[in-house]
Amino acid sequence: MVLHYMPVGSDAATELLPTPEQREKMYRRIREFRGSKPIFSMDFQNDAEYVGGCIAGGRRYLHINAKGDVEPCVFIHYSNVNIHDTSLLDALKSPIFMAYHKGQPFNDNMLRPCPMLENPEYLRKMVKETGAVNTDYQSPEEVDALCDRTTPYAENWKPTADRLRESSKSGCRKGE
Ligand code: SF4
């Protein structure tokens, strides 16, 4: 499993985010591994096509931090409820989880699955509309600061993601 750097937390360094060229290289390399090894290597950010997009918000998983805050994803530190005060079922029905449920998939292009990294307008809207509070106790930050940080990345990645999707659709994945 390959994970991508997530620029979460007020002191997160955006220069560590992969460039479109680096991300495309990873996309191709993982697919080469699959073609040559008897194992399904996974790329967390480039393989949403195999799971139908973002899996967070209880669609396939959720995250509970050390304090008990129930968060949609291990990378999304915004929450309305704490597991010490609510049942898991009610947590799944809490406002930000319902916003995830209504919003998924956040993009038709499975190379742009995330409401924070590739579609930050969604996270910004969901957090504000649901009144979810920040649950990052080490580096707390407003959702606007986080989404302002990921917006240039999202815009930069879009042309490459769209090109890769088109070439994948036309069936030339192996020779890309
Ligand atoms: S919120 Fe983003 S990082 Fe978390 S599961 Fe969804 S797409 Fe992946």
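What follows is calculated from the coordinates using simple rules that are stated; it is not laboratory data. Please read these numbers as outputs of a predicted model, since none were measured by experiment. Quick reminder, even Gly has a Cβ in these numbers, built from the backbone with ideal geometry, and neighbours come from all protein chains shown.
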Check: Using the Cα gyration tensor of region 29-113, with a ≥ b ≥ c the square roots of its eigenvalues, what is the shape: rounded (a/c below 1.5), prolate (a/b larger than b/c) or oblate (neither)?
Finding: prolate
Notebook entry, point to check: Looking at S168, H4, P113, which one has the Cα that reaches farthest to the positive end of the dipole of the chain (charges on Cβ: Lys, Arg +1; Asp, Glu -1)?
Noted result: S168
Checklist line | Which listed pairs, of K93/K128; K67/K102; K25/K102; K25/K125, have C-alpha distances above 25 Å, in listed order | finding: K67/K102; K25/K102; K25/K125
Item checked: Calculated FRET efficiency for the pair K93/Y137, C-beta based, R₀ 22 Å, to 0.05 -> 0.35
Margin query: Which of rounded, prolate or oblate describes the chain when judged by the alpha-carbon gyration tensor and an a/c cut-off of 1.5?
Written below: prolate
Check: If r is the Cβ-Cβ distance from E155 to M42 and R0 is 22 Å, what FRET efficiency results, to the nearest 0.05?
Finding: 0.25
Checklist line | 3J(HN,Hα) from dihedral phi, region 22-38, Karplus parametrisation 6.51/-1.76/1.60, rounded to Hz, x for glycine, proline | finding: 5, 5, 5, 4, 5, 4, 6, 5, 4, 5, 5, 4, 5, x, 10, 10, x
Margin query: Contact order normalised by length for the chain, with contacts defined as Cα pairs under 8 Å and 6 or more residues apart; what percent is it?
Written below: 22
